[in-house]
Amino acid sequence: MSNSEHLATVMVNAFIDAVDRGVDLVPVVADSTSTAKIAPFIQKFPGRLVNVGIAEQTLVGAAAGLALGGKVAATCNAAPFLISRANEQIKVDVCYNNTNVKLFGLNAGASYGPLASTHHSIDDIAVLRGFGNIEIYAPSSPRECRQIIDYALAHVGPVYIRLDGKALPELHDDSYQFEPGRIDVLQEGTDIALVAMGSTVYEIVEAAAHLAEQGIHACVVSIPSVRPCDTQQLLKILRSCKAVVSAEEHNINGGVGSLVAEVLAEGGCAIPLRRLGIKDGQYAIAADRKATRAYHEIDAAGIVRHATALLAQQR
């Protein structure tokens, strides 16, 4: 893994290239130009960005209006404020009315760390999975992020893209091709499946390496495409393993862990599952990322502990 890059930077470069090739793209921010790292876009295309100030409901409403006027509108602000404050506008103005708005949830999960629960977004996937008519993505690497954004800008309809708030190293080589719905298997294995989305994919990659030292062969599964999702492909992958552990910087309800549980249950697959994330009824602690993930056992060490314990129960 190398070539670390902040996903917001990937987003801005994708925006610049899109306008250069003729996409009528209008980014909309809520006094979030620094969060979006969008200064290079503003410098190249002065007057094309809309800043509504600290008014997230207006942010989404304005984006929907721009989309109805024929623009490709992209909201760029912090995920906790986008999803919580503009919940009704996303539901009605974007999803229900099928407007061509791309929602970028920046600094998702517990990226803001010590700023605590007001600034954490650990329910965004759960909320949006409850809304109809919106595609949901959580890229885990710069290359994957760029391909998802290019797809989203070409796709007509609502899209939510969950972006981490830290620079992420590259997981994929030049041959990687993102496809909506497809599950990304980073490593084959039949002992246990480790499943994650976004930046916690790095934790399961590291956990798999530690498990290999113990002679445990893990299947490393990334789900960049939460909706659409090829659930039949996912079920086939999970069925080949003895147990499953999911890990996410999100509440265990409504995110990747819930998706995996639904796939196993509806497929009639009696494989034990352990969901790791922010526990039911809890908030993420106020701490830096390393401490947060260790506390909630979604770091590599926590994943290894739960994976070995789960496999031990099967013997």
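To the nearest ten degrees, helix 7-20 and the longest principal axis of the Cα atoms of the chain are 40 degrees apart.
For residue 171, the shell of other residues with beta-carbons less than 10 Å away shows a net charge of -3, using +1 for Lys and Arg and -1 for Asp and Glu. Over the chain, Cα pairs under 8 Å with separation of 6+ residues give a relative contact order of 17 percent. In a GNM of the chain with a 10 Å cut-off on Cα contacts, which of 251, 100, 51 has the highest mean-square fluctuation? So, out of 251, 100, 51, the one fluctuating most is 51.
Comparing 232, 282, 187 in a Gaussian network model of the chain, where Cα atoms under 10 Å apart are tied by springs, the biggest mean-square fluctuation is seen for 282.
Can you give the calculated 222 nm mean residue ellipticity of the chain, where each DSSP H run of n ≥ 4 adds -39,500 (n - 2.57) and the sum is split over every residue, rounded to the nearest 500 deg cm²/dmol?
So the calculated ellipticity at 222 nm is -11000 deg cm²/dmol.
Proximity of backbone amide H atoms, modeled 1.01 Å from N, is registered between residue 116 and 287 at under 5 Å, excluding neighbours fewer than 5 places apart on the same chain.
Amide hydrogen proximity for residue 109: with H placed 1.01 Å from N in the peptide plane, the residues at 5 or more positions away or on another chain lying under 5 Å are 121.
So if I place +1 on the C-beta of Lys and Arg and -1 on the C-beta of Asp and Glu, and nothing else carries charge, what would the dipole magnitude of the range 70-154 be about its Cα centre? I want it in debye, nearest 20.
140
Each part reduced to its alpha carbon centroid, the range 215-267 and the range 120-182 end up 17 Å apart. Per-residue Karplus couplings for the range 105-110, computed as 6.51 cos²θ - 1.76 cosθ + 1.60 with θ equal to phi - 60°, are listed in order as x, 7, 6, 6, x, 9 Hz, Gly and Pro entered as x. Specify the angular offset, from 0 to 90 degrees and rounded to the nearest 10, of the alpha carbon long axis of helix 142-154 from the longest principal axis of the alpha carbons in the chain. Helix 142-154 sits roughly 50 degrees off the main axis of the chain.
Looking at the chain, the pairs of alpha carbons with a distance over 36 Å make up 15% of the total. The overall shape of the range 190-280 is oblate: from the C-alpha gyration tensor, with semi-axes ordered a ≥ b ≥ c, the ratio a/c is 1.5 or greater and a/b is no larger than b/c.
Residues of the range 173-315: accessible area per residue at 1.4 Å, in Å²? Walk me through the numbers on the way to the answer.
Details: 6120 Å² over 143 residues.
For the range 173-315, the solvent-accessible area averages 43 Å² per residue.
Between 21, 275, 143, the GNM of the chain built on Cα springs shorter than 10 angstrom shows 21 fluctuating the most. Rolling a 1.4 Å probe over the protein heavy atoms leaves residue 308 with an accessible area of roughly 40 Å². Kindly express, to the nearest 10 degrees and within the range 0 to 90, the angle between helix 56-68's C-alpha long axis and the longest C-alpha principal axis of the chain. Between helix and principal axis, roughly 70 degrees. With a cut-off of 11 Å between beta carbons, the residues surrounding residue 151 carry a summed charge of -2, where Lys and Arg count +1 and Asp and Glu -1.
Taking the charge dipole of the chain about its Cα centre, with +1 at Lys and Arg Cβ atoms and -1 at Asp and Glu Cβ atoms, the residue from 281, 112, 224 reaching farthest to the positive side is 281. Only one residue of 171, 156, 195 has its Cα farthest out toward the positive end of the dipole of the range 149-196, where Lys and Arg carry +1 and Asp and Glu -1 on Cβ, and that residue is 156. Taking a ≥ b ≥ c as the square roots of the eigenvalues of the alpha carbon gyration tensor, the range 11-123 is oblate, as a/c is not under 1.5 and a/b does not beat b/c.
Counting only protein heavy atoms, what percent of the accessible surface of the range 136-254 is carbon or sulfur at a 1.4 Å probe?
Looking at the range 136-254 in its full context, I get 49 percent from C and S.
The values are calculated or read from the model by the stated rules, or taken from the named source; none is laboratory data. For clarity, every value in this text was computed on a predicted model and none was experimentally measured. For neighbour counting, all protein chains shown are included, and Cβ atoms are generated from backbone atoms with ideal geometry for every residue, glycine included. The area values use the complete protein model at the heavy-atom level, side chains included, leaving out ligands, DNA and RNA. Shrake-Rupley method; radii C 1.70, N 1.55, O 1.52, S 1.80 Å.
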